[in-house]
């Protein structure tokens, strides 16, 4: 009977550990995606900034390529870039918070990770 309780407890702890690890991996993946998108926005801004404002350029909006001028596109790109920076900052905070929560949980339950 005691071994069944121990096995059940061990399985619950394993499930909780897996949930923490999966959550951290998902946040890390989102961070990578947002960093890549922010880098792309930065590259486009660096390319468009020195160009004259009346030069035409194209922007993809919801899968539709739209002709605009540089002066129309640059402010929107800056706004999007700033928004991505904020999202990235929030994701990093969330990752750190979840990582700290996992460490507290590991300490509370005396969890030791064994590498195989």
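The values are calculated or read from the model by the stated rules, or taken from the named source; none is laboratory data. As the structure is a computational prediction, the values presented were derived from the model and not from experiment. So basically every Cβ, Gly included, is an ideal-geometry build from the backbone, and we count neighbours across all protein chains shown.
Quick look at the numbers
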{"quantity": "Residues satisfying the stated conditions in the range 62-100, i.e. in a helix (DSSP H, G or I) and over 22 Å from the mean Cα position of the chain (by Cα)", "calculated": "70, 71, 72, 73, 74, 75"}
{"quantity": "Extreme residue, farthest from the chain's Cα centre (by Cα), among residues of the range 41-56 that are exposed (fewer than 12 other Cβ atoms within 10 Å of the Cβ) and outside any loop (DSSP other than H, G, I, E, B)", "calculated": "56"}
{"quantity": "Out of 11, 36, sole residue that is closer than 25 Å to residue 74 by Cα and either loosely packed, with under 14 Cβ neighbours inside 10 Å or touching a residue at least 12 places away in the same chain (Cβ under 8 Å) (or both)", "calculated": "36"}
{"quantity": "Residue match in the range 93-103 (condition: out of contact with any strand residue (DSSP E or B) (no Cβ under 7 Å at 6 or more places or on another chain), modelled with pLDDT of 95 or more, surrounded by 10 or more Cβ atoms within 10 Å (Cβ to Cβ) and over 30 Å from residue 11 (Cβ atoms))", "calculated": "yes"}
